[in-house]
Every structure is written in structure tokens, then in C-alpha cells.
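The values are calculated or read from the model by the stated rules, or taken from the named source; none is laboratory data. The model shown is predicted, which means the values in this text are computed figures rather than measured ones. Cβ placement follows ideal geometry from the backbone for every residue including glycine, while neighbour counts extend to all protein chains displayed.
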Amino acid sequence: MFEGVFTALVTPFSKGIVDEEALRKLIELQIEAGVHGLVPCGSTGESATLSHHEHRKVVEVTVEATAGRVPVIAGTGSNSTSEAVAITNHAREAGADGALLISPYYNKPTQEGIVAHYETIARETGLPLIVYNIPGRTGSNITASTQVRLAEIHGIVGVKEASGDIVQMSEVIANVPDDFAVLSGDDALTLPLMAVGGNGVISTSSNLVPKEMVAIYNAFQAGDLAEARRVHEGLLPLFNLLFCETNPIPIKAAQHLRGLIQDEIRLPLLPMTDGNKRSLEALMKEMKLL
């Protein structure tokens, strides 16, 4: 159902509030660049510090501005199952095409609890769901066998895999139905994951280099592995800098350097440190992104 490059949108702020005008401009730039879908209110969108009202508004603005041109997969995860159901139902009512739900964090459920969590949300919302596995943020891994079980549940259509474990990802791909999407949650693993049968990426870097991320996907799909590798290798220095501090600190710094958003991020995150920002600016100039 969901294949290609999906941009995990940043949430721009201005004087402490969501900058809707800037968000709409970012959406237009992404669609013009050829991305296959948009993901508001994920980790990159600072969902953890958005109020419920802001969260709903960002999803609504994204759906409205996108106007059906590409799918919108709304971030609706929570470590509370009932809250995740409510947020996901709002996304469905707002017109989102699917929902991305991080595995429950902090309370660290068992694998059985993880299955029950997603099964409940699927049953009570009716919106296509993508599971988000990111142990570095949640404190627990969704194992390959659990992901295979989740793929059998009606309404769960894919997984964003950010475990960093390509063997685990390969095991998932080998054992899920062909129409179950396995998407990379690490930009640098986009090409390696597609090489073992993955379906694309939900990307932070595509906020800055959407055409290049799409080029990797398109070249691979066309069978031009040399071109896909060329673009991938050219982006490796950028991947390193965009994740040298906690996401979305560097990508918001990059978007600010391009004059697209204000230099605002919410506590407890802080703006990018001066040394890293200078390195990022130098690389962006070298790559002709400035």
C-alpha cells in the first residue's frame, strides 16, 4: 500500500507557536520534489512536545494542503493505547490515508502487550496502520517474530524499521505477505533495506534533499544499482551530520539555514551547537544546498 519516499515533516514554529504558513510551504516543496507521501507529527515533527490541539491542527493542515496529491500518514502513536486510539481516530476523520504509531515507550510492554496494543488500535480505528520500531527511543525492540504476527492483523499494513538491524529486517521481509510494506527508519539504510526487499523509507533527510532520496528509490526500482549507489554514497556525509545530534535538531538547523523556517525547537531539545552547525553549513554549501 505504501511504497517509496515518505518525508517525516518537521513542525516549524514561530514565536513558540506552530507556523502554519511555513508548514504549507514545506509541503509544497516536498510534493514538487516528487516524494511519495508525507508524515506529519512523527519524531521529526516533535510530536512529543505538541499539545493535543497542535497535533490535530498539524495533521489537518497537512491533509488540507496536500489535497490528495500524495498520501498522508499521520503520526498518532502513544504509550497509552486509549490515547493512541483517540489520536488515530482524529487522523482518520481529518482525512489521513494512514497512521504511523511508535511502539509504546517508557512502560516497556512485553511482546504480547505490543501485539495487543496494535491489535486494539487497528480494530477500533479502521485506518491503515504502520508500526514504528525504534528501540533507541522506546527502550524495547519489536522482534522479527512479533512483526510477522502484527502483519497478520487486519489493518496493519507495514512497519517503519529503525532498529538498525538489517538481519532482523531481512527476517521480517522473508516472512510477511508481499503487500506488507517494510520501510526504513534510518536514511542511510534505505538502499541496503531495498536490496533485501524493502519498500522505501520514511525519511528525515528528505526534508532537505527530497529529490536525492527519491532518486535513490527510482534508480533502484529501474534496476540502475550503480546510480542508486552513487546518490547514496554522495549523501553519506550529510546523513552523518543530520544525525550527529538528536533528531530533529540538525534538520531544523538545515531548514533554517535555507531560510525556510525559524530557528526554533522546543525544550528539552536545544538548537544545534555552534560547531556542528558550522560543519553542517559548510557541507550544505559544498553540496550546493545553500
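Below, the figures for the structure above:
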read-out	value
Any pair with Cβ under 9 angstrom, 6 or more apart, that starts in the range 55-76 at a residue that is without any contact (Cβ under 8 Å) to a residue 24 or more places away in the chain and over 23 Å from Ile156 (Cβ atoms) and ends at one that is of a type in the set (Lys, Arg) and part of a strand (DSSP E or B)	none
Breaking point among (1) surrounded by fewer than 16 Cβ atoms within 10 Å (Cβ to Cβ); (2) within 19 Å of Gly37 (Cβ to Cβ); (3) of a type outside the set (Ser, Thr, Tyr), for Gly75	(1)
Residue match in the range 23-42 (condition: touching a residue at least 12 places away in the same chain (Cβ under 8 Å), in a helix (DSSP H, G or I) and of a type in the set (S, T, N, Q))	yes
Test result for Ala253, crowded, with 19+ Cβ neighbours inside 10 Å, among the small types (Gly, Ala, Ser), at pLDDT 95 or above and part of a helix (DSSP H, G or I)	yes
Some residue of the range 118-128 being among the β-branched types (Val, Ile, Thr), surrounded by fewer than 20 Cβ atoms within 10 Å (Cβ to Cβ) and modelled with pLDDT of 95 or more	yes
All positions within the range 2-22 that are assigned to a strand (DSSP E or B) and of a type in the set (A, V, I, L, M, F, W, C)	Val5, Phe6, Ala8, Phe13, Ile17, Val18
Residue selected from the range 206-241 under the condition in contact (Cβ under 8 Å) with a residue 60 or more places away in the chain and either among the charged types (D, E, K, R) or assigned to a loop (DSSP other than H, G, I, E, B) (or both), by the criterion nearest to Val10 (Cα to Cα)	Leu208
Evaluation of Ile202 against (1) assigned to a helix (DSSP H, G or I); (2) touching a Phe, Trp or Tyr at 6+ places or on another chain (Cβ under 9 Å); (3) β-branched (Val, Ile, Thr) (one fails), failing number	(1)
Test: Ile153 is of a type in the set (A, V, I, L, M, F, W, C) and farther than 26 Å from Gly68 by Cα	yes
Of all residues making up the range 79-123, the number that are outside any helix (DSSP H, G or I) and among the small types (Gly, Ala, Ser)	6
Scan of the range 168-188 for residues that are free of Cβ contacts under 8 Å to residues at least 40 places away in the same chain and over 23 Å from Tyr105 (Cα atoms), ordered by number	Ser170, Glu171, Ile173, Ala174, Asn175, Val176, Pro177, Asp178, Phe180
Residue, farthest from Gly16 (Cα to Cα), within the range 257-290, restricted to residues that are part of a loop (DSSP other than H, G, I, E, B) and of a type in the set (S, T, N, Q)	Thr273
Test result for Thr49, modelled with pLDDT of 95 or more, surrounded by fewer than 18 Cβ atoms within 10 Å (Cβ to Cβ) and among the polar types (S, T, N, Q)	yes
Any hit, the range 102-125, residues being under 17 Å from Phe6 (Cα atoms) and under 19 Å from the mean Cα position of the chain (by Cα)	yes
Within the range 91-121, tally of residues that are more than 10 Å from Thr76 (Cβ to Cβ) and among the hydrophobic types (A, V, I, L, M, F, W, C)	4
